[in-house]
Amino acid sequence: MAKVLCVLYDDPAGGQPTGYARDDLPRLDGYPGGQTLPSPAALGFTPGELLGSVSGELGLREFLEAAGHTLVVTSDKDDPGSVFDRELDDADVVISQPFWPAYLTAERIARAKNLKLAITAGIGSDHVDLDAAIEHGVTVAEVTYSNSISVAEHVVMAILALVRNYLPAHQIVLDGGWNIADCVSRSYDLEGMHVGTVAAGRIGTAVLRRLAPFGVHLHYTDKYRLPAEVEAELGLTYHPSAADMVPACDVVTINAPLHPETEGLFGDELIATMKRGAYLINTARARIADRDAIVRALESGQLAGYAGDVWFPQPAPADHPWRTMPHHGMTPHISGSSLSAQARYAAGTREILESWLAGTPIRDEYLIVDGGKLAGAGAHSYSGGVR
Ligand code: NDP
């Protein structure tokens, strides 16, 4: 029987909701490109419920306990002596979400003698030391595509919020004010701007597709070019590197995984080559940007705005400078954890568990590390080097 250790974010301050703003979720037929939605044998939840918090348990308890397995769920994850740290020693499976990552360091993986499977309920497994997972034969899997469109929607929202100066204008309303000049003195139209994405994978391409109708000029850089018909359809300009792309852009959005090639990419040097007053949106991973370089660029006006939802570490400390820097549109790490996304990645997590517990193969597109090497989606996304 397996012990499954699940690290989830805290419940809402007022407790787990008893009702929701909407009665159902739209029905999707599949993902763009044809990948099928998660297909577990059954669901232990009603789609639309809050599943990513401790009481939501990703809807897994009944399924696991009915089969005699143990499920431990906690949000207490960071300190030595935390529930996660204590329970890890004999856990067979660890599940966590990138929004509230259980950092599976090399030291923790070495200590977790029973650990065989680490599941990311979502996308992005950089909170797992993949080299250590490879060394110790731990399988790493994530629910590829489950929240890609959720993030792409957040990116489009953040771009519009920054360019239109939405958040300060909303704050003026909350404060009882009406000073239109204060609202509009930093407000522009997106139309006609040059917008570029660093990486055109699932999220990056979805962002490009969603922005095309805004009448913008679209740019991208990626390790591989998109098919010529996609470039033609969306009117894309390809750049061989971020360094080549960013001087041409008014808005840059980062949609690449964190690995050694991308870590610290947006530092003082690259930011200095951007147009003065460019906007930078990062929903990928915080450490792709240099924390203090972002603050300096906003203070000097080199960047007109920065938005996203990824921080390091997570949760961000109360004195993290990105909370108080000027002209930002940061949120906690939420873009991939809408109720819609939760339903998909909770179902995908169950699908992965069902396969693993039955000894049948996990879908190739969900695999990051398997059999002591990068595998599936991981062999593709993390081939620039694991971390
Ligand atoms: P994909 O794997 O579909 O796309 C990643 C793309 O990045 C691939 O096209 C890859 O290129 C490209 N890439 C890798 N390295 C580089 C590089 N050095 N320069 C340019 N391009 C590069 O992943 P997704 O689009 O689904 O997700 C992207 C990232 O977004 C995730 O890794 C994760 O960190 C983050 N994310 C954030 C979420 C949130 O809630 N904020 C939720 C989900 C994901 P190629 O394939 O050509 O090798």
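Quick note: the coordinates plus some simple rules give every number you see, no bench work behind them. Not measured: the values here are computed from a predicted model. Here Cβ is always computed from backbone atoms with ideal geometry, including for glycine, and neighbour counts include all displayed protein chains.
ILE159 meets the conditions (1) assigned to a helix (DSSP H, G or I); (2) among the hydrophobic types (A, V, I, L, M, F, W, C); (3) touching a helix residue (DSSP H, G or I) at 6+ places or on another chain (Cβ under 8 Å); (4) surrounded by fewer than 24 Cβ atoms within 10 Å (Cβ to Cβ) in every case but one. The failed one is (4). Once the stretch 39-59 is narrowed to residues that are in a loop (DSSP other than H, G, I, E, B) and in contact with a Ser or Thr (Cβ under 7 Å, 6 or more places away or on another chain), the residue that is surrounded by the fewest Cβ atoms within 10 Å (Cβ to Cβ) is VAL54. One residue stands out among those in the stretch 121-136 that are among the β-branched types (Val, Ile, Thr) and within 16 Å of the ligand (Cβ to nearest atom): the one that is farthest from PRO260 (Cα to Cα), which is ILE123. Based on what the data block shows, is THR253 in contact (Cβ under 8 Å) with a residue 60 or more places away in the chain, over 24 Å from LEU160 (Cα atoms), surrounded by 14 or more Cβ atoms within 10 Å (Cβ to Cβ) and within 12 Å of the ligand (Cβ to nearest atom)? No.
Of the residues LEU167, LEU130, the single one that is under 23 Å from THR360 (Cα atoms), over 16 Å from the mean Cα position of the chain (by Cα) and in contact (Cβ under 8 Å) with a residue 24 or more places away in the chain is LEU130. Filtering the stretch 195-221 to residues that are surrounded by fewer than 19 Cβ atoms within 10 Å (Cβ to Cβ) and either more than 14 Å from the ligand (Cβ to nearest atom) or over 23 Å from MET157 (Cβ atoms) (or both) leaves ALA212, PRO213, PHE214, GLY215, HIS217. Select from the stretch 91-115 the residues that are small (Gly, Ala, Ser) and in a loop (DSSP other than H, G, I, E, B) and write down the one among them that is nearest to the ligand (Cβ to nearest atom). Of everything passing the filter in the stretch 91-115, ALA102 is nearest to the ligand (Cβ to nearest atom). One residue stands out in the stretch 332-346 among those that are within 10 Å of the ligand (Cβ to nearest atom) and closer than 30 Å to ASP319 by Cβ: the one that is surrounded by the most Cβ atoms within 10 Å (Cβ to Cβ), namely GLY336. Cβ-Cβ contacts under 8 Å between residues 6 or more apart (or on different chains), taken from a first residue in the stretch 289-311 that is within 16 Å of HIS333 (Cβ to Cβ) to a second residue that is of a type in the set (Lys, Arg), are listed as VAL310/ARG285. Of all the listed residues (GLY329, GLY376), the sole one being more than 27 Å from ALA132 (Cα to Cα) and either more than 13 Å from the ligand (Cβ to nearest atom) or more than 14 Å from the chain's Cα centre (by Cα) (or both) is GLY329. All but one of (1) of a type outside the set (S, T, N, Q); (2) outside any loop (DSSP other than H, G, I, E, B); (3) free of Cβ contacts under 8 Å to residues at least 60 places away in the same chain; (4) more than 16 Å from the ligand (Cβ to nearest atom) hold for ALA118, so report the exception by its number. Of everything listed in (1) of a type outside the set (S, T, N, Q); (2) outside any loop (DSSP other than H, G, I, E, B); (3) free of Cβ contacts under 8 Å to residues at least 60 places away in the same chain; (4) more than 16 Å from the ligand (Cβ to nearest atom), ALA118 misses just condition (4). Restricting attention to the stretch 146-162, the residues that are away from the ligand (no atom under 12 Å from the Cβ) and closer than 11 Å to ARG210 by Cβ total 4.
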